[in-house]
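Here's the structure we're looking at; comments come further down.
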Amino acid sequence: MPDPTTDPAALMAFVIGLQDSQGSPRRQLTWRVGDALRAVIEQLVSTTASDEELTRVAEKLETIEAVLSEYPHGRSYEGVSEASTRTQPSRRSATPNESTDHSDFSPIMGQANPLAPPLRLGYHNGVVTGEVICGSAYEGPPGHVHGGIIAALFDELLGATQVLSGTPGMTGKLEINYRAPVPLHSPLRFTGRLVTVEGRKIFTEGTLHAGETLCAEATGLFISIDFEKLARMVAERDG
């Protein structure tokens, strides 16, 4: 088996594979909770429920928040919540009450994060793909996805794409050309490609289609980072 610490393609497969690994029963429970909260958000942004019903909903949600607030907070995992920096297998196992996997909590691709659509990544023959359906919570123009959400999706996709360089880093510059409105509640397809590497600079490009319609194009410049420095940042965060 290729070593994901030295083979860029194997590294890409490793990063994407994190989304599909079922993991522990606890991990599956966090997915279930995330999916439920995501569905609540989707209903809330366009509900016609009465004031009385909304009062009851708010009281129930406040009760749930109170239960969760009784427990200690904070996560320990390798890297940060970006596909671009989740590039090494975890060096330790999660305790029964946590996950070491960033991809669960990413605001873009995390199934356990109700803010995420979430974006699903794939990889084939040097092309990174992303599939997502954006619901009403992501609306900008009437019936269409907010441009800022599109930018965030491109940042995550191209952030994963630059892993193919073998020396991934952080976003330095992201440019997007919006070609057509992006519909809500429709399958969206992203593609990302590594263009070239010049020293610490990693150049990528991507597209977004809704069906056969080209909706947006993007270019991303990423700057390779010192992973020893990143490790120190993780250590400082986790205490």
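The values are calculated or read from the model by the stated rules, or taken from the named source; none is laboratory data. Fair warning: this is a prediction, and the values are worked out from it, not measured in the lab. Quick reminder, even Gly has a Cβ in these numbers, built from the backbone with ideal geometry, and neighbours come from all protein chains shown.
Of everything in the stretch 24-48 that is basic (Lys, Arg) and out of contact with any Asp or Glu (no Cβ under 9 Å at 6 or more places or on another chain), the residue that is surrounded by the most Cβ atoms within 10 Å (Cβ to Cβ) is Arg38. The residue list Val163, Val197, Val132 contains one member that is modelled with pLDDT of 95 or more and either under 24 Å from Gly110 (Cβ atoms) or acidic (Asp, Glu) (or both), which is Val132. When the stretch 193-202 is examined, which residues are found to be part of a strand (DSSP E or B) and either basic (Lys, Arg) or surrounded by fewer than 19 Cβ atoms within 10 Å (Cβ to Cβ) (or both)? Matches in the stretch 193-202: Arg193, Val195, Thr196, Val197, Glu198, Lys201.
Among residues of the stretch 210-230 that are closer than 17 Å to Thr129 by Cβ and at pLDDT 95 or above, those with a beta-carbon under 6 Å from a residue that is charged (D, E, K, R) and surrounded by fewer than 17 Cβ atoms within 10 Å (Cβ to Cβ) at least six positions away or on a different chain give the pairs Leu214/Arg179; Cys215/Arg179; Ala216/Arg179. Would you confirm, using the coordinates I've provided, whether Gly122 is modelled with pLDDT of 90 or more, over 19 Å from Arg26 (Cβ atoms), in a strand (DSSP E or B) and over 12 Å from the mean Cα position of the chain (by Cα)? Considered against the rule, which asks whether it is modelled with pLDDT of 90 or more, over 19 Å from Arg26 (Cβ atoms), in a strand (DSSP E or B) and over 12 Å from the mean Cα position of the chain (by Cα), Gly122 comes out as yes. Taken residue by residue, the stretch 185-192 has at least one member that is in contact with an Asp or Glu (Cβ under 8 Å, 6 or more places away or on another chain), of a type outside the set (Ser, Thr, Tyr), in a loop (DSSP other than H, G, I, E, B) and in contact (Cβ under 8 Å) with a residue 40 or more places away in the chain. The sole residue among Ala94, Ala83 that is under 24 Å from Cys215 (Cα atoms) and at pLDDT below 90 is Ala83.
Restricting Ala235, Ala231, Ala151 to those that are under 23 Å from Asp104 (Cβ atoms), surrounded by fewer than 19 Cβ atoms within 10 Å (Cβ to Cβ) and within 16 Å of the chain's Cα centre (by Cα) reduces the list to Ala151.
Restricted to the stretch 123-148, and to residues there that are surrounded by fewer than 17 Cβ atoms within 10 Å (Cβ to Cβ) and touching an Asp or Glu at 6+ places or on another chain (Cβ under 9 Å), the residue that is nearest to Asp35 (Cα to Cα) is Ser136. Count of the stretch 208-224 residues, restricted to those that are surrounded by 16 or more Cβ atoms within 10 Å (Cβ to Cβ) and either among the polar types (S, T, N, Q) or part of a loop (DSSP other than H, G, I, E, B) (or both), is 2. Looking at the stretch 131-146 only, could you name the residues that are in contact with a Lys or Arg (Cβ under 9 Å, 6 or more places away or on another chain) and either among the acidic types (Asp, Glu) or over 22 Å from Thr30 (Cα atoms) (or both)? Correct list: Glu131 only. Looking across the stretch 37-77, just one residue is closer than 20 Å to Asp104 by Cα, in contact with a helix residue (DSSP H, G or I) (Cβ under 7 Å, 6 or more places away or on another chain) and of a type in the set (Gly, Ala, Ser), and that is Ser76. Checking every residue in the stretch 190-200 against the condition of being β-branched (Val, Ile, Thr) and under 22 Å from Leu44 (Cα atoms) gives zero matches. What are the residues in the stretch 125-175 that are β-branched (Val, Ile, Thr), assigned to a strand (DSSP E or B) and within 27 Å of Ser46 (Cβ to Cβ), if any? Passing the criteria: Val132, Val145.
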